[in-house]
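Quick notes on the structure that follows.
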Amino acid sequence: MKLYYATGACSLAPHIALSEAGLPFELVRVDLGTHKLTNGADYTKINPKGYVPLLELDNGERLSEVAVILQYIADRKPGTLAPAFGSMERYRVMEWLNFVATEIHKGMGPLWKADIPESVKKAAMDALSRRFDYVAATLAKQPYLTGSSFTIADAYLFTIVNWHNFLKFDLARWPALQAFQERVAARPKVNDALVAEHLVKKTAAATA
């Protein structure tokens with residue numbers, strides 16, 4: 001498989017999932033500013049949507065959209081990163097995937113734009129703060145979103161919340177969310193993905 005990614009983008013979530021699942025894959029970096037690959041090829045010829053992630057399967061088929069790719073990866077190693085499809089436990093993971101996608105991932109959109117009024121950015125951050133309140137309340141009771149096991153929903157949440165490092169907002173208001181970020185970052189396979197994207201240096205102390 002090939003994962004088309006951009007450093008630190010939402011494609012980090014399937015990168016983490018592939019690493020955690022122990023599946024063989026190749027990373028292909030995309031410059032989202034130019035829509036070029038490192039070999040100069042036009043990425044929009046591969047993915048007309050122009051954004052990442054994109055997962056190219058061994059048979060040449062391609063999948064886009066984070067939540068779909070994450071579930072595809074999880075189903076390659078049943079029971080490892082998500083419960084069995086059709087179970088209530090799986091629907092709970094899907095519920096969180098949808099929440100992260102629509103309420104947090106999308107909610108951060110305005111914060112990336114330099115040309116919008118500060119009042120709009122403040123409104124966006126206020127809305128995100130309410131979402132973080134909800135997530136932190138869950139994580140104050142358990143280590144991961146659905147309980148004691150790390151799932152694809154956690155990979156997605158970790159990736160999007162990690163953007164606070166780029167957007168320069170403080171997580172101190174949500175200690176449970178801060179602890180979650182640290183807990184996930186300490187996982188060896190997550191650390192591998194972060195190192196591969198040059199987001200951190202290799203951490204010898206990373207623990208499962």
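Some points to look at:
- Those residues of the range 1-54 which are free of Cβ contacts under 8 Å to residues at least 40 places away in the same chain, over 24 Å from G107 (Cα atoms) and buried (at least 21 other Cβ atoms within 10 Å of the Cβ), in sequence order: Y43
- Total residues in the range 55-90, condition of a type in the set (D, E, K, R) and free of Cβ contacts under 8 Å to residues at least 12 places away in the same chain: 4
- Residue match in the range 89-110 (condition: assigned by TED's automatic domain parsing to the domain that holds T159, surrounded by 12 or more Cβ atoms within 10 Å (Cβ to Cβ), farther than 20 Å from V190 by Cβ and at pLDDT below 95): yes
- Failed item in (1) hydroxyl-bearing (S, T, Y); (2) in contact (Cβ under 8 Å) with a residue 24 or more places away in the chain; (3) over 27 Å from K113 (Cβ atoms), with T159 passing the rest: (3)
- Of the criteria (1) more than 23 Å from L12 (Cβ to Cβ); (2) touching a Cys at 6+ places or on another chain (Cβ under 6 Å), which one V66 fails: (1)
- Hey, L139 farther than 26 Å from A74 by Cα, in contact (Cβ under 8 Å) with a residue 24 or more places away in the chain, surrounded by 17 or more Cβ atoms within 10 Å (Cβ to Cβ) and not basic (K, R) or not: no
- Taken over the range 31-59, the residue count meeting the criterion of being over 24 Å from I73 (Cβ atoms) and among the hydrophobic types (A, V, I, L, M, F, W, C) is 1.
- Here the condition is being touching a His at 6+ places or on another chain (Cβ under 6 Å) and not in a loop (DSSP other than H, G, I, E, B); of I160, I73, I104, it holds for I160 alone.
- Test result for Y134, over 14 Å from the mean Cα position of the chain (by Cα) and either surrounded by 20 or more Cβ atoms within 10 Å (Cβ to Cβ) or assigned by TED's automatic domain parsing to the domain that holds A101 (or both): yes
- Matching entry among S148, S129 (being over 23 Å from Q71 (Cα atoms) and surrounded by fewer than 16 Cβ atoms within 10 Å (Cβ to Cβ)): S129
- Checking L57 against (1) over 18 Å from the mean Cα position of the chain (by Cα); (2) surrounded by 16 or more Cβ atoms within 10 Å (Cβ to Cβ); (3) among the aliphatic types (A, V, I, L, M), the condition it does not meet: (2)
The values are calculated or read from the model by the stated rules, or taken from the named source; none is laboratory data. Note that the structure is a prediction, hence the values are computed from the model and not measured. Glycine also receives a Cβ, built like all others from the backbone with ideal geometry; neighbour counts cover every protein chain displayed.
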